[in-house]
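Have a look at the structure below before the remarks.
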Amino acid sequence: MARPRHMHVLSSHRMSDPDPILLAIDQGTSSSRSIAFTARGTLVAQDQHPFEQIYPASGWVEHDPEVIWATTISTTREVLKQLRARQQRVAAIGITNQRETTLLWDRRSGIPVYNAIVWQDRRTAEQCRTLQDAGHENEVIEKTGLRLDPYFSATKLTWILDNVPGTREAAEAGHLAFGTVDTYLIWRLTGGRVHATDVSNASRTALFDIRTCCWDEALCELFRVPAKCLPEVRDSAADFGNTDAGLFGEALPIRGVAGDQQAALIGQACFAAGDVKSTYGTGAFLVLNTGHQLVRSRNRLLSTVAWRLEGATTYALEGSILSAGSTIQWLRDGLGIIARAPEIELLAQSVTDTGGVYLLPAFTGLGAPYWDPDARGGIVGLTRATGRGELARAGLDSVVYQTRDLLDAMTADGIGPSQLKVDGGMAQNGFFLQRLADVLGVPILRPKMAESTAFGAACLAGLGHGVFSSLQDIASLWEGDVRCEPKLEAGAREREIRGWREALRRVRSR
Ligand code: ADP
């Protein structure tokens, strides 16, 4: 991003920098990114590198660890180059990452024993069912806040130990190190000196007791994971070591780490109990801050750690929508009713309603709060009057109604949000935001800063490095861009939601 010339001159003459740069490494599922921010929250440099998804078998998804590493390093070097050209110096690095994705490597050589098994990978479904049938799910829910599902790291790690020859023995002997992507990057960035993770990432492994914030021996036994391979767990804003001086030409301190959804919660300044954000990308993730209280959902939401700062843990409730932006992709690529995703907005506005049509995007089953992996999608209510406009509108509405179902679950769990902050690709769609406000019945807020996830990681680094002294400093950086108020009258809202729930019943498998 261009800055006025006089600012370059000024900054190069500063003795101590009043507006230091915080660099976020955002290692995502489809790309690695690096983004630099000033401490005033301005994005000043960025680079992104998409990479290959590996699908070795049906339901399997892997990443090449070398590619994760190479794209992380190349984007970070590119951002540092842009910054150095303007004589801007990085004060600290924050890392945010695709969560649950599992790596195991040899401490002696640094070489991974297998590809990274990605969070979407379903290869351990059978193992999860066996554990469920043996009656272990309640213990897992009680301790971890999660469910017995292939989504989480534990069974992926077990799979590697069971299937890659020699790994179990090597792990028992203490030669192997397990990590989610943050841990793997920290290990490599520090030249193998630091084997650590933060609490938010640990809370997604299903090996971590979120009540005590410790790895749990009984869970390690249940999943047959040697505790010796687990990383040390630190606060989310803490000292994670310095980067190896040879990597970037200087040793940079790593001072903040959080999983992507937790980082977005921070980037969106959702710091009080009851604050909630929703990130609308390929899928959508709603995360509700529940404060220092670990809230147990009676409505099949996950309980998880939002972050831990100076030893104090903040908890969250989380629900994910499996098909959000991917529904729009399907309307584009599967049906061909639009050429580009943003076109959906005008097309949806070309009609006044869907004419009673509901699109049920259960392409890969349904996520929270339904948890129905065997459901498949459908379109109901078609008439001869149904056209592209109605389908476009029904597609956007399907994401709106799924959000409503999650918000209702949160309200039923005792914390009814009074507004919703949004980000991600779909949040660029103004029509969608107004529909959210109308159907949810609460104001929808979109910030000026579109990069909530990376910004959250940068904020943690700023906290860890002392650039910010409290969350309050970060909250003051949040600036609203769009605010949509609910306009639909209550009767119409209830009719629409009833229609959605009836339609949903037709595609559910149970
Ligand atoms: P991810 O990080 O999961 O790749 P992004 O946050 O980049 O996702 O958002 C991309 C998704 O948003 C795509 O699935 C795309 O279909 C959808 N999308 C992008 N722009 C719009 C829009 N204007 N209206 C609706 N959906 C959109």
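General remarks:
- Scan of the range 54-97 for residues that are of a type in the set (S, T, Y) and in contact (Cβ under 8 Å) with a residue 24 or more places away in the chain, ordered by number: T71, T72, S74, T75, T76, T96
- Residue check, R340 surrounded by fewer than 16 Cβ atoms within 10 Å (Cβ to Cβ), away from the ligand (no atom under 16 Å from the Cβ), over 12 Å from the mean Cα position of the chain (by Cα) and more than 29 Å from A39 (Cβ to Cβ): no
- The range 324-342 - residue that is among the hydrophobic types (A, V, I, L, M, F, W, C) and outside any loop (DSSP other than H, G, I, E, B) and, of those, nearest to V399 (Cα to Cα): I328
- Only one of V305, V295 that is more than 20 Å from Q419 (Cα to Cα), more than 15 Å from the ligand (Cβ to nearest atom) and β-branched (V, I, T): V305
- Search result, residues across the range 343-388 that are touching a strand residue (DSSP E or B) at 6+ places or on another chain (Cβ under 9 Å), assigned to a strand (DSSP E or B) and closer than 30 Å to L148 by Cβ: L360, G365, L366, D372, G378
- When the range 473-510 is filtered for residues that are loosely packed, with under 11 Cβ neighbours inside 10 Å, in a helix (DSSP H, G or I) and under 23 Å from the mean Cα position of the chain (by Cα), nothing remains.
- Taking first residues from the range 177-202 that are at positive phi and partners that are in a helix (DSSP H, G or I) and at pLDDT 95 or above, no Cβ contact under 6 Å between residues at least 6 apart in sequence or on separate chains turns up.
- Selection within the range 6-49 - closer than 22 Å to S469 by Cα, of a type in the set (S, T, N, Q) and modelled with pLDDT under 95: S16
- Being over 14 Å from G41 (Cβ atoms), assigned to a helix (DSSP H, G or I) and under 25 Å from the mean Cα position of the chain (by Cα) is a description that applies to L433.
- Here L219 clears all of (1) over 20 Å from Q261 (Cβ atoms); (2) surrounded by 20 or more Cβ atoms within 10 Å (Cβ to Cβ); (3) touching a Pro at 6+ places or on another chain (Cβ under 9 Å) except the condition numbered (3).
This table checks each residue for (1) touching a Cys at 6+ places or on another chain (Cβ under 8 Å); (2) more than 9 Å from the ligand (Cβ to nearest atom).
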residue: S398; (1), (2): no, yes
residue: D405; (1), (2): no, yes
residue: A412; (1), (2): no, yes
residue: S418; (1), (2): no, yes
residue: D423; (1), (2): no, no
residue: Q428; (1), (2): no, no
residue: Q434; (1), (2): yes, yes
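The values are calculated or read from the model by the stated rules, or taken from the named source; none is laboratory data. This one's a predicted model, so the numbers in the text were calculated from it and none came from an experiment. Note: ideal-geometry Cβ built from the backbone for every residue, glycine included; neighbour counts use all protein chains shown.
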